[in-house]
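Working notes, beginning with the structure itself.
Each reported figure results from applying straightforward, stated rules to the coordinates on display, with no laboratory input. Treat the numbers as computed from the prediction; the structure is a model and nothing was measured. Note that each Cβ is placed from the backbone with ideal geometry, even for glycine, and that neighbours are counted across all protein chains shown.
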Amino acid sequence: MKTWFAFALAALFLGPRDGRTQEDDIEWRHRAARGAIVLTANPLRPAARAAFYEARGFSARQVRPYSEACGFSFGFRNGGTTPVVVKLADWRAIGADGMSIAFKPPEHWDAEWERARVPSAARIAFRWAQFQSEIAFEPGDWIMGMATLERAPVAPFRLVARYRDTRGNHEIVLDQIDCARD
């Protein structure tokens, strides 16, 4: 066990030595860029999210509302030369019917977990795996995290991800998206 833990820490802190990041090794189903800003997304199956969080201390009953929501893993990279600010509240899914659907912020889920008496360690693991409500990216920064929509849009839908830099407000659009199903 100690050997495995030491290896995991070394891999986490040392990372690849060829200038690549962990994100470079992921096969993303959806990718869009605006200049040097890159957004990637993968729909996440309900069973995969349930298993992920059950392994971190949630009961199947506790995590069911989250795992059954339309959810994604996102990657966001600031490859530019100026800081970028992202607010999840500014992102929308636009269904094939034209309806706009917001994302549920991690704080919404955290309040649910508190009401459901989810253990503190599981809630911390949840927070660490989420795409945060607001993030400031310095040049070269990137992050991966999960997020869920308030409800499933009519498919196929588009995701409009807004961000702000020193030149103003911008958006990146991912098209032809659908929620993953088991």
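Residues Asp165, Asp175, arranged from fewest to most other Cβ atoms within 10 angstrom of their Cβ, appear as Asp175, Asp165.
Full extension of the chain between Asn169 and Ser133 yields a length gain of 11.3 nm, computed as 0.36 nm times the residue separation minus the alpha carbon distance. Gyration tensor analysis over the Cα atoms of the stretch 47-170 returns equivalent ellipsoid semi-axes of 27, 19, 11 Å (largest first, whole Å).
Rounded to the nearest 0.05, the FRET efficiency derived from the C-beta distance between Ile143 and Ala47 at R0 = 30 Å is 0.75. Tell me the mean residue ellipticity at 222 nm calculated for the chain from its helices only (DSSP H runs of n ≥ 4, each -39500 (n - 2.57), averaged over every residue, nearest 500). Estimated from H runs of four or more residues: -8500 deg cm²/dmol.
Can you put Ser59, Ser67, Ser73 in order, fewest other beta carbons within 10 Å first? Walk me through the intermediate numbers first.
Values: Ser59 14, Ser67 23, Ser73 20.
Fewest to most other Cβ atoms nearby, the residues stand as Ser59, Ser73, Ser67.
Just want to confirm a number: the relative contact order over the chain, from Cα pairs under 8 angstrom separated by 6+ residues, in percent. With pairs under 8 Å counted, the relative contact order is 27 percent. Listed peptides 78-88, 120-130, 36-46 appear in the order 36-46, 78-88, 120-130 once ranked by packing, highest mean of other Cβ atoms within 10 Å at the front.
If you build the convex hull over the alpha carbons only and average its shadow over all orientations, what do you get for the stretch 135-182? Give it in nm² to one decimal.
Values: hull surface 19.1 nm².
Its average projected convex-hull area is 4.8 nm².
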